[in-house]
Amino acid sequence: MRFSANLGFLWRDRRLPEGIRAAKVAGFDAVECHWPYDTDPAETATALRETGLPMLGLNTRRGDLNRGENGLAALPGREMEARAAIDEALAYARATGTGAVHVMAGFSAGPRARSAFAGSLAYACDEAAPDGITILIEPLNHWDAPGYFLTTTGQAADIIREVGATNLRLMFDCYHVQIMEGDVARRFEALRPLVGHIQIAAVPDRGAPDHGELDYSWLLPRLADLGWSRPVGAEYQPAGETEASLTWLGNFR
């Protein structure tokens, strides 16, 4: 198995370039992040070149943090802002060689929200295609993100099929899927053709993936048996220092 360090949670006390270098020292095969926009993309690209680690993905901006926003793409009437966030994310991805952009839906519901989301995703896919960038969508659980538009893999699969773009894929976060739906291995098997990235964390505390409801020592080899060969994203919240939480990394290899 190969693993990607999600620098939105791991080494979050360091600037992004230093987090990339720490991930290399720790033995990760790739990195990914949440919102890298406070860091000049040239600095990020330099750290990636120095370490030889690929950046697998980054997120579009959440919107107005003072209002508690968590994405713009499914907000009716905010289409221009959503497209600006997509443009910004794609520009950063191009400058750093990042392979995927997660387009965040936001807090919304209903047919108008679905229409806005589908329109934003179609735009993102069209803009990303010439550079070979994948667009990802991720269902979030209703405990961590109550009111988020996208909550289940079935809902995401329907939207992916509706948009019909070959570069639109599902972010299969085992933590969120277990909380909302369970039956993670069979669900992954059914959705395998649509999956663009996998993330892991313990359930229910979102800690290191070596305890809790999901037995990753069984699940990860099963996902590999089903054809997954790319790095798996470690998107968990360490209880203390990141280095002290990494025992699982050697064990899972």
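Summary of values
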{"quantity": "Test: Asn6 is more than 18 Å from Leu246 (Cα to Cα), modelled with pLDDT of 95 or more and either within 18 Å of the chain's Cα centre (by Cα) or crowded, with 20+ Cβ neighbours inside 10 Å (or both)", "calculated": "no"}
{"quantity": "Residue match in region 52-67 (condition: touching an Asp or Glu at 6+ places or on another chain (Cβ under 6 Å), modelled with pLDDT of 95 or more, surrounded by fewer than 21 Cβ atoms within 10 Å (Cβ to Cβ) and not aliphatic (A, V, I, L, M))", "calculated": "yes"}
{"quantity": "Per-region count, region 217-241, residues assigned to a loop (DSSP other than H, G, I, E, B), closer than 25 Å to Glu189 by Cβ and more than 20 Å from the chain's Cα centre (by Cα)", "calculated": "1"}
{"quantity": "Members of region 212-237 that are surrounded by 18 or more Cβ atoms within 10 Å (Cβ to Cβ) and touching a residue at least 60 places away in the same chain (Cβ under 8 Å)", "calculated": "Leu220, Pro231, Val232, Gly233, Ala234, Glu235, Tyr236"}
{"quantity": "Qualifying position, being at positive phi and buried (at least 21 other Cβ atoms within 10 Å of the Cβ), among Gly106, Gly97, Gly132", "calculated": "Gly106"}
{"quantity": "Ala244 surrounded by fewer than 20 Cβ atoms within 10 Å (Cβ to Cβ), in contact with a helix residue (DSSP H, G or I) (Cβ under 7 Å, 6 or more places away or on another chain) and in a helix (DSSP H, G or I)", "calculated": "no"}
{"quantity": "Count of region 199-211 residues which are among the basic types (Lys, Arg) and either free of Cβ contacts under 8 Å to residues at least 12 places away in the same chain or more than 20 Å from Trp143 (Cα to Cα) (or both)", "calculated": "0"}
{"quantity": "Gly19 small (Gly, Ala, Ser), over 22 Å from Ala84 (Cβ atoms) and either surrounded by 17 or more Cβ atoms within 10 Å (Cβ to Cβ) or under 17 Å from the mean Cα position of the chain (by Cα) (or both)", "calculated": "yes"}
{"quantity": "Meets criteria (surrounded by 22 or more Cβ atoms within 10 Å (Cβ to Cβ) and more than 18 Å from Thr151 (Cα to Cα)) for Pro209", "calculated": "yes"}
{"quantity": "Qualifying position, being of a type in the set (A, V, I, L, M, F, W, C), touching a Pro at 6+ places or on another chain (Cβ under 9 Å) and in contact (Cβ under 8 Å) with a residue 24 or more places away in the chain, among Ala47, Ala5, Ala22", "calculated": "Ala47"}
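The values are calculated or read from the model by the stated rules, or taken from the named source; none is laboratory data. Here the structure is a predicted model, which is why all the values come from computation and not from measurement. For neighbour counting, all protein chains shown are included, and Cβ atoms are generated from backbone atoms with ideal geometry for every residue, glycine included.
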